[in-house]
Every structure is written in structure tokens, then in C-alpha cells.
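One structure is given below, encoded as C-alpha cells.
Every read-out reported here was derived from the displayed coordinates using simple, explicitly stated rules and does not represent laboratory data. Predicted model only: the values in this text are computed from it and were never measured. Note that we place each Cβ from the backbone using ideal geometry, even for glycine, and neighbour counts take in every protein chain shown.
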Amino acid sequence: MFAYISRRISTALLILFGSTFLTYNLAALSGDPLAAWRESTDPKKESIIAELIYTYQLDVPAPARYFIWVKNILGVFVGKADFGFSVEGRIPVINLIADAIPVTLRLVTTATILAIVLGITFGVISAIRQYSRLDYSLTFLSFFLFSLPIFWVAVMLKEYMGIQFNAFLEKPQIDIWVNLGTSAVLAFIITGFVGGTRRKVQIIWAATFVVLAVLLALASATNWFRFPGLGIFGVAVLAALTSIGLTNVLAGLGNKKALWAGLVSVGVGVAFYYPFGVLVNESGNYAILIGFALLMLSMSFFIGYFFSTIDRGPIIRSAMLSGFFVSMFTVGDKFMQAWAPYYTLSDGKPIQTDGTHNLAMVTNDFWVINLDLLTHLILPTTALTLISFAGYLRYSRSSILEVLSMDYIRTARAKGMPEREVILRHALRNSMIPLTTLVAYDIAGIIGGAIITERVFGWRGMGSLANDAITQQDLNLLMGTFSISAFLAVMATLAADLIYSALDPRIRIRK
Amino acid sequence: MAINFRKKKSSAAAENNETGAQGMETLGLSQGQIIRKKFFQHKPAVIGLIFMIFFAIFVYSASGIHLGSGDARFTIKGWWKYSHEDILPPGSCNTGCPTADHPFGQQANGRDYFAQVMRGSEISLMVMVVIGLLGGLLGTVMGSVSGFFGGIVDAVMMRFTDFVITVPSILIGAVIGYKFGNLGVFPLAVFLGIFSWTGLTRLVRGEFLSLREREFVDAARVAGASNRRIIFKHILPNSVGVIIVSTTLLLSGSILLETGLSFLGFGVQAPDVSLGALISINQGAFLYAPWLFWWPGVIIVVIALSINFIGDGLRDAFDPRQRRQIKRKDYLLKTSTRDAVNKR
């Protein structure tokens with residue numbers, strides 16, 4: 001094992017060496033860094049060009065210059081890696097990258113996690129309802145999303161989710177016909193996930209439709225979109241419903257212990273509504289948020305533990321997820337209450353289409369500042385999630401279908417195991433093994449950044465650094481961003497192979 | 001979201017499924033005939049195929065055929081009256097709205113947008129086909145060699161694949177644009193194709209790795225067949241499904257790659273146009289002249305969607321496990337006839 005890993009790492013270093021060499025020379029071929037100065041009419045242009053040639057050693061041919069670059073990088077072993085200076089502004093490349101990585105991570109991590117969770121969930125539902133109307137719709141949706149160019153989606157999202165939504169918020173009243181139409185469509189979508197006889201489906205559709213229409217009418221009448229909030233009652237109801245739904249999926253409503261464990265977790269979470277509110281009003285920070293989520297998780301773990309005697313897994317899981325969602329709803333409620341002050345501060349344009357945060361906004365309120373970050377994040381995250389969601393959906397669907405046709409699934413069904421257990425315990429776990437490869441590659445792509453998305457939404461992340469570097473013929477900057485993403489890509493391939501062999505004992509690593 | 005885990009109608013469905021591929025086999029159809037029949041039963045795929053054929057004919061006849069560049073240029077004029085290079089007086093309405101004369105409207109510089117979109121589609125289609133075919137060919141060769149010979153050959157070639165994956169396509173676009181920008185889009189398509197075989201290689205390699213362990217390969221080897229014969233006569237025909245399907249998916253991926261690069265400005269260079277470049281130019285016009293933004297985008301989506309559906313149809317057709325999909329009415333028909341039999 002050790003020999004294998006060390007051999008793979010040394011090959012990886014070799015690959016990195018080769019690919020940085022190729023990239024360096026390609027980049028040097030992609031334009032003349034002095035072109036702009038050669039054509040300028042600046043009287044001092046001769047001396048500027050000479051200075052540039054001296055600083056960036058442009059008189060050395062690119063293949064040889066690459067080795068100077070490598071020599072500076074290898075300083076990492078003596079404690080000072082030198083990625084050089086960027087052309088524009090003469091800033092150390094390492095500083096530019098250090099600024100860009102958090103931006104890119106913020107943008108891509110959320111989108112990747114959302115895409116993985118949603119893609120797997122819908123993929124599983126699609127697979128266990130194979131050849132149903134829902135399956136066909138999801139299949140069509142995934143093909144459609146596969147075919148969407150992200151730059152086109154991004155521009156449309158800016159218009160429809162950004163500008164038009166802001167316009168709607170100026171007078172947030174929903175027309176009665178729009179309300180009925182929206183409710184009907186939403187009810188139709190929600191009903192799609194419920195199986196059963198035609199009559200049952202019709203009843204569920206009607207009930208969902210009425211509930212949604214009434215909620216939308218209430219929201220419209222009370223100006224909820226301008227002054228949103230759930231209140232303790234709203235948090236309690238939402239969390240209880242979520243908990244019941246989760247129990248139904250994870251343990252079945254017949255499992256009374258799981259149901260009660262979930263509901264008690266919800267009750268405990270709701271009891272923290274006011275203490276949490278007081279605490280964060282005085283000093284809001286991330287530590288309190290994370291602490292609250294961790295506290296809820298650990299408490300609901302113990303609740304689940306005490307409620308269960310045998311087969312603790314599903315009960316603890318539904319309790320913990322209920323606890324997690326209560327804390328999410330409580331935090332969400334706080335954000336909603338910060339919406340009104342944020343709305344005034346953002347000058348009536350709450351959903352921002354450009355940049356990472358609103359520079360003109362001056363406030364010390366923790367919630368308003370974070371709301372500002374979130375509203376900037378929402379459009380690019382949606383665009384990225386839409387695009388990568390389809391891949392996870394298709395992959396997990398086919399993976400589940402493949403596993404469901406295995407003999408051990410037939411055995412599990414034959415011994416009388418409930419279908420829920422068959423799917424959650426036997427099918428789901430095994431079908432997720434091939435997905436690790438996909439996830440590993442996706443994570444490797446995170447730092448490389450989303451060049452197009454960053455460009456459309458004006459984010460200054462790794463992607464836009466690379467883009468600028470190519471346009472400006474900035475070799476140091478380009479190689480800085482590129483070598484980091486290439487390093488991650490190579491390591492992800494290795495990690496994917498290792499994880500795969502660890503999860504699937506049938507695959508042995510050659511010694 | 002309540003999920004109801006109830007038993008599927010799997011038993012009835014499985015019974016009914018047997019009428020699919022196996023029924024055809026008992027009819028005495030050859031493998032090729034079965035695949036063709038199954039493909040034409042897949043409605044979205046057939047719609048996609050017909051659309052692609054008509055669309056390609058429409059585009060190429062409208063904008064004409066352009067080969068080469070510079071002095072060595074060979075063109076056949078299409079039936080559309082304007083060329084994408086014609087500078088026309090600005091439209092009668094100030095934002096160049098669609099008229100009978102300019103069905104897609106006019107750009108701010110007076111150019112007829114229908115001619116622009118047709119020329120862009122022509123180039124995007126051409127680039128897509130070149131990338132797809134070149135990537136497909138290289139991927140098949142690399143994957144089959146790597147999977148068949150295994151061992152050190154496989155290890156070296158897989159690490160070479162890892163190496164190629166790390167080369168960013170945006171950089172290739174930039175280099176080609178700078179060095180060969182005056183030669184038209186063909187060099188761009190070729191170089192992108194040279195770097196886009198990696199995914200297909202992995203799939204073909206996997207298929208070869210599993211097929212080479214099968215009995216019929218051992219039988220052929222015992223009978224004294226050469227490596228070449230085994231590859232071309234025994235393994236390649238069996239992996240043609242994987243190759244064709246993933247080449248189709250490579251095609252739909254490459255139109256998104258090319259339009260994305262052109263959107264960033266590293267793909268097709270002016271004076272040539274591409275659907276991605278058209279969107280990039282006109283994204284600011286979204287508010288006052290939305291048709292300038294909609295047409296190229298819709299065309300990209302429709303092309304990619306049809307190709308994805310064709311790929312899906314091919315996958316179903318080549319996969320022997322995948323049988324005809326069961327419709328509700330088939331199920332009802334089956335149960336009602338069974339009931340009728342039972343009553344008798």
C-alpha cells in the first residue's frame with residue numbers, strides 16, 4: 001500500500017512537471033506580452049520595454065525561462081516559494097491567489113454541495129420510481145440542463161431572478177390569477193413525488209394546491225416578501241413537518257420511537273428560539289452559529305439514543321436531522337428579520353447581480369452583512385448548481401438501477417425486508433461507491449474556479465485571475481493559478497483511486 | 001417531501017419486458033437490425049435525429065459553404081440574401097427589431113442577425129463535429145490499446161491521460177487564436193479535438209479490460225488469432241456501443257466547450273462568428289433587444305439537447321439489458337388479457 005502510494009505520488013509529480021512545462025510554453029506562445037507597449041506612443045516606451053524584459057526575463061527563451069520559474073517555486077522546500085510578481089500592479093502572485101481562493105471556495109463549495117445532495121436525492125427517487133411520469137420529467141430535465149450553456153443561463157438568471165425579482169419587491173403583491181397558477185404548478189410538481197393510486201394523488205394535489213394558494217395570498221396580503229419572518233410558531237410548524245417527513249423517509253411513520261425522537265428534538269430546538277435570539281442580538285458571529293448547530297446536533301443525538309433500544313441508526317439519524325433543521329430554520333428566521341433593514345440599505349435592490357459584496361453598504365449588523373453576502377451568492381450558486389446537478393442525477397440514478405438488479409437485493413427482498421430498508425441499507429450505500437470518483441473530480445475542479453460564472457457575475461476568484469492572466473500575457477499569474485489547479489486535479493485522481501479501493505473491497509490495489 | 005417506498009410493479013414489468021429484445025431475437029433479426037429497430041422506437045432520439053438533419057441542411061443552405069480562408073477561400077453562396085459580413089443601414093426601428101426583411105432583427109452595427117446566426121451555427125456545428133470525431137477516434141485508439149495490452153502500457157497511457165486532462169482548454173484556445181487566428185476556425189477545432197479524448201479513453205479502456213477476460217477472447221487466442229485480429233474482430237465490435245454513445249456525448253459537450261470559449265473570447269475569433277461569441281456580444285442588449293440574445297442561446301440548447309437524446313437512444317439500442325420501456329397502457333392491456341384468459 002505504502003509503496004503504491006509513494007509510486008503514484010512520484011508519478012503525480014512527474015505529471016505536474018510535464019504539464020506545467022507544456023502550459024508555460026503554450027502560454028508563452030499565446031501572445032506577445034510587450035505588444036501593447038510596442039504600439040504605444042509613450043516617449044519612454046523604450047525604457048519601459050527594456051525594464052519589462054529585464055524584470056520578467058523575457059530575453060530568455062520560454063523553455064529555459066520555465067526552469068527559472070521552477071527554481072523559484074522549489075524554494076518552497078527552504079521556506080520561501082516565489083511565484084513571482086503579476087504584470088499589472090506588480091503584486092506578488094501568491095497574495096493574489098490567497099485573496100482569490102476564499103472567493104472561489106465560497107462560490108463553488110455551496111454549489112457543489114447543493115448539487116451533490118440534490119442530485120443524489122432526486123436520482124434515487126427517479127430510480128425507485130423508474131418509468132413513472134416523475135422519472136421521465138427528471139430525465140428530460142437532466143438532459144435539458146446538460147444542454148444549457150452556463151453563460152446563457154447566468155445572463156438569464158441575472159435578468160429574471162435578479163432584476164425582475166427586485167422589481168417585484170417594490171410592490172410585492174401577487175395577483176390572484178398568478179397566485180392560483182403558481183400554486184397549481186407547484187402542487188403538481190410536489191404531487192409528482194408522491195406515489196399511489198390516482199385518487200390519492202388527486203387528493204394530495206388538491207390539498208397542496210389549497211394550502212399553497214392560502215399561504216401565498218396571506219404572504220401577499222401581509223407584505224411578507226418585504227417583511228419576512230417565521231416567528232416561533234412558524235419555526236415550530238415547519239420543523240415538525242420536516243421532522244415527520246424525514247422520519248417517513250428514514251425510518252417509516254410506523255416507527256413510533258423515531259417519530260417521537262424527531263419531534264422531541266424539534267421541541268428542544270424550538271425551546272432555544274428565544275435564548276438564541278437574545279444571544280445573537282447582542283453579539284452575532286460565526287462561532288455562535290456553528291456552536292448552535294453543533295449543540296443541536298449533539299443534543300438530538302442523545303435524544304435519539306435515549307429513545308432507541310435496538311436498531312438505533314435510523315432513530316438517531318432522524319432525530320439528528322430534525323435537530324439540524326430546527327437550527328437551520330431558527331437561523332433562517334433571524335436572516336428573514338434582517339431582511340427589512342437590509343432592503344433599505346441595499347437601495348431597493350436586494351438581489352445583487354454583480355460582485356461579492358455591496359461596497360456602498362455601511363453597517364455593523366452581523367445579520368445584514370451576511371445577508372448581503374448571501375444575496376450576492378444566490379445567483380452564481382444557482383447557475384452552477386443547475387449545471388452540475390444534472391450529472392449527479394443521471395449518475396446516481398443509473399447507479400441505483402444497476403444495484404437494484406443485483407442478486408443480493410433480491411435476497412434482501414426475499415427475506416422479507418421492508419423496501420425502505422432494502423433501498424437505504426443495501427442499495428443506496430453500494431450505489432454511492434462509484435459516485436466517489438465523480439465527487440473527487442468535481443472537488444478538484446473547485447479551485448480551478450468557474451471561469452465563465454465568475455466572469456458573468458463579476459467575482460474576483462481563481463477563474464477570473466486565470467482569465468485575466470491569459471488576456472494580459474501574465475505568465476507568472478497564469479502559472480500560479482494553473483499549477484494549483486493542476487496539482488489538485490492530479491491529487492484528486494489519486495484520492496479517487498484510493499477511496500474507491502477502500503470502499504469497495506473487490507477492487508485491490510496492485511502491489 | 002414524503003417518499004412512499006412501496007413495491008414496484010417489477011414482476012409484471014419484467015414479464016412484459018421480455019417482449020423487447022428477446023422477442024426480436026426470436027424473430028431472427030440480426031444484431032444490427034435489432035439495434036436499428038430499438039433506436040427508431042426511441043421517440044425523442046428519432047425527433048432529435050430528424051431535427052439535426054433538417055437543421056444542418058437548413059443552416060448550410062442558408063449561409064452557404066465556406067472552406068479555407070484568405071486567398072485560398074472557396075465559397076458557395078447560400079439562399080439567404082445577406083452575408084454575415086454585409087454592413088447594412090440600421091433598421092427602421094431604432095433597436096433593429098425583427099422585420100420581414102430581417103427575421104432575427106439587426107445588430108447595432110446594422111448587420112443582418114439571421115445571417116450572423118446562420119454563420120455562427122455553421123461554424124459551431126463544424127467545430128463540434130471535428131472535435132467529436134477527432135476526440136472519438138483518438139479516444140478509441142488510446143483506450144483500446146491501453147485496455148487490451150494492460151500492464152505497463154496501460155499504466156503509462158493512463159498517466160499520460162492524467163497529464164492531458166490538466167492542460168486547460170482555455171489556454172489552447174488562446175494559443176490557437178493568437179498563432180493561427182488568420183486561418184479560420186479549423187485549427188481551433190483540430191487542436192481542441194486533440195485534447196478532448198480523455199473521458200472517452202477511460203470508458204473504452206474499461207470496456208476493453210472487462211471484455212479481454214471473457215471466454216470468447218480466450219477461445220480466439222487458443223485458436224491462434226493474432227492480437228490484431230482479436231482487437232478488430234472480437235473486442236471492438238463488442239465495445240462499439242460504448243464508443244458510439246460516448247462519442248455522441250462528446251459531441252454535445254464540444255458544442256458547449258466551443259461556445260463557452262468563444263463567449264470568453266478565446267474561441268472563434270472575429271471576423272468569424274460563433275454562437276457563443278454572438279451571445280457574448282449581445283448580452284448587454286438583453287433589456288432592449290432580447291431577440292439578439294435569445295436566438296443563439298436557443299439554437300445551442302436545441303442542438304445539444306437533440307444530440308443528447310440521440311445519444312440516449314443509442315445507449316438504449318446498444319444495451320442488451322435495456323429493454324423497451326413499459327407504458328401504463330401496455331401494463332393494463334397485459335393484465336386485462338390475462339384476466340380474460342383466467343376467466344375462460
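Which distance in Å, rounded to a whole number, links the C-alpha centroids of the stretch A:247-297 and the stretch B:216-266?
52 Å
What is the average number of partner chain Cβ atoms found within 10 Å of a Cβ in A:463-470?
Taking the mean over all residues of the peptide, I get 3.
Find out how many positive minus negative residues lie around A:ALA450, taking Lys and Arg as positive, Asp and Glu as negative, among other residues whose Cβ is under 14 Å from that of A:ALA450.
+1
Using θ = phi - 60° and the Karplus curve 6.51 cos²θ - 1.76 cosθ + 1.60, what whole-Hz ³J(HN,Hα) does each residue of the stretch B:234-243 get, with Gly and Pro shown as x?
Working through the residues one at a time gives 10, 8, 4, x, 7, 9, 5, x, 4, 5 Hz.
Short version: ³J(HN,Hα) in whole Hz for each residue of the stretch B:140-149, in order, from phi by Karplus 6.51 cos²θ - 1.76 cosθ + 1.60 (θ = phi - 60°), x for Gly and Pro, what are they?
Using θ = phi - 60°, the values come out as 5, 4, 4, x, 6, 4, 5, x, 6, 7 Hz.
What does the charge count around B:ASN109 come to, taking other residues whose C-beta lies under 14 Å from its C-beta (Lys +1, Arg +1, Asp -1, Glu -1)?
Here the charged neighbours net out to -2.
Please list, in chain and number order, the residues 5+ apart from A:PHE85 or on another chain whose amide H is under 5 Å from its amide H, with Hs placed from the backbone.
Amide H neighbours of A:PHE85, under 5 Å, 5+ apart: A:VAL93.
Count, for each residue of A:139-147, the Cβ atoms from other chains sitting within 10 Å of its Cβ, then give me the mean as a whole number.
That works out to 5 on average.
Give the Cα extents of the protein assembly as shown along the principal axes, in whole Å, largest first.
Largest to smallest, the principal-axis extents are 86, 82, 70 Å.
Residue farthest toward the positive end of the dipole of the stretch A:399-470, with Cβ of Lys/Arg at +1 and Asp/Glu at -1: which of A:THR453, A:ILE423, A:SER464?
Projecting each Cα onto the dipole axis, the largest value belongs to A:ILE423.
Taking θ = phi - 60°, what integer Hz values does the Karplus form 6.51 cos²θ - 1.76 cosθ + 1.60 yield along the stretch A:211-221, in sequence order, with x for Gly and Pro?
4, 5, 4, 5, 4, 5, 5, 4, 4, 5, 5
Other chains near B:300-306: what is the mean number of their Cβ atoms within 10 Å of each residue's Cβ?
Per residue, the average neighbour count from other chains is 4.
Please rank A:ILE446, B:ILE123, fewest neighbouring Cβ atoms within 10 Å first, as an exposure proxy. Write out the running numbers ahead of the final one.
On the way: A:ILE446 20, B:ILE123 29.
Least crowded to most crowded, the residues run A:ILE446, B:ILE123.
Roughly how many whole Å is it from the C-alpha centroid of the stretch A:112-184 to that of the stretch B:136-182?
36 Å
Can you divide the C-alpha Rg of chain A by 2.2 N^0.38 Å and report the result to two decimal places? The partial results should precede the final answer.
Working: Rg = 27.1 Å, N = 511, 2.2 N^0.38 = 23.5 Å.
Against the empirical 2.2 N^0.38 Å value, I get 1.15 for chain A.
Between A:ASP504 and residues 5 or more places away or on another chain, which pairs have amide H atoms under 5 Å apart, with H built 1.01 Å from N, and which residues are they?
Excluding prolines and chain starts, which carry no amide H, there are no hits.
Take B:TRP295, A:TRP339 and order them by how many other Cβ atoms sit within 10 Å, fewest up front.
The fewest-first ordering by Cβ neighbours comes to A:TRP339, B:TRP295.
Dipole of the protein assembly as shown (Lys/Arg Cβ +1, Asp/Glu Cβ -1, origin at the Cα centre): which of A:PRO172, B:LEU257, A:PHE188 lies farthest to the positive side?
My answer, from the dipole projection, is A:PHE188.
Fewest to most neighbouring Cβ within 10 Å: what's the order for A:GLU39, B:GLU258, B:GLU207? Write out the running numbers ahead of the final one.
On the way: A:GLU39 8, B:GLU258 31, B:GLU207 22.
Placing the least packed residue first, the sequence is A:GLU39, B:GLU207, B:GLU258.
Could you compute the net charge surrounding A:VAL108? Neighbours are other residues with a C-beta less than 15 Å from the C-beta of A:VAL108; K and R count +1, D and E count -1.
Working: positive: A:ARG106, A:ARG455, A:ARG460; negative: A:ASP442, A:GLU454.
Counting the neighbours of A:VAL108, the net charge comes to +1.
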